[in-house]
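Since the structure comes first, as structure tokens, the remarks are kept for the end.
The values are calculated or read from the model by the stated rules, or taken from the named source; none is laboratory data. Here the structure is a predicted model, which means the values were calculated and not measured. With ideal geometry, Cβ positions are generated from the backbone for all residues, glycine too; neighbour counts draw on all protein chains shown. Side chains included, ligands, DNA and RNA excluded: accessible areas come from the protein's heavy atoms. Shrake-Rupley method; radii C 1.70, N 1.55, O 1.52, S 1.80 Å.
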Amino acid sequence: LHRHPGAQCNLGTLYLCGQGVERNYERAAEWFLKSALQGYALGQCNMGTLYRYGTERDCRKAAEWYMKAADQGEPNACWHLGQLYRGGDGVEHDFVKAASWIRKAAEQGLQGAEREYAEFCSKGLGIAGPDCAEAARWYRKAAEQGDAESQCELGFMYRTGLGVPVDLAESFSW
């Protein structure tokens, strides 16, 4: 597996989930790290996730790994990095950076990021101001992928005319 970061990352996932091997977080971290140190974006993102949610929690280290992966365009890393900026976890609290990173993930079709970016647009977080039409556009993208919260938001927007024309039939369909 030497010099095969994708395979190393996959092996880390097997250890993390206990698929075909006994679940072992330490071994998962070892394989993710080998992958990440070779510049493999998904390995870097997984290292960020281990630092964000694992037993050795350190949001600053998580942000460092997410940034490496996000700089390569890895959508989950972009989303997680945006969430860290939103909450000021391991990085300075910055809605503008949060919105920018979350939008990058949303633009790659990541359902949860689409919903979260729609929320940013609705509330005017990190952007010029509230933009309900833009929020509706992003809620629709997430809703079409089956995101229940986005479906509810979109239905409400059609019922009340927020960012879209009032359309009770369309509201009911969501």
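Provide the net charge surrounding Asp58, with neighbours chosen by a C-beta distance below 11 Å and charges set as Lys +1, Arg +1, Asp -1, Glu -1.
Computed value for this residue: +1.
Compute the acute angle (0 to 90°) between the alpha-carbon long axis of helix 25-37 and the principal axis of greatest extent of the alpha-carbon atoms of the chain; round to the nearest 10°.
Result, in degrees: 80.
Give me the distance in nm between label points sitting 7 Å out from Cα along the Cα-to-Cβ direction at Glu26 and Glu170, one decimal.
The modelled label-to-label distance comes out at 5.7 nm.
Rounded to the nearest percent, how much of the accessible area of the range 33-174 (1.4 Å probe, protein heavy atoms only) is carbon and sulfur?
Looking at the range 33-174 in its full context, I get 52 percent from C and S.
List the lysines whose alpha-carbon lies under 25 Å from that of Lys34, not counting same-chain residues fewer than 8 positions away?
Counting by Cα, and skipping residues close in sequence, Lys34 has these lysines nearby: Lys61, Lys68.
Using alpha carbons only, how many degrees (0 to 90, rounded to 10) separate the axis of helix 95-106 from the longest principal axis of the chain?
Relative to the chain, helix 95-106 is tipped by roughly 80 degrees.
Rounded to the nearest whole Å², what accessible area per residue is found for the chain with the 1.4 Å probe?
With all protein chains present, the chain gives 52 Å² per residue.
Which angle from 0 to 90°, rounded to the nearest 10, does the C-alpha axis of helix 5-17 make with the longest principal axis of the chain?
It works out to around 80 degrees.
Among the lysines, which have Cα under 22 Å from the Cα of Lys123 when same-chain residues fewer than 8 positions away are ignored?
Lys97, Lys104, Lys141
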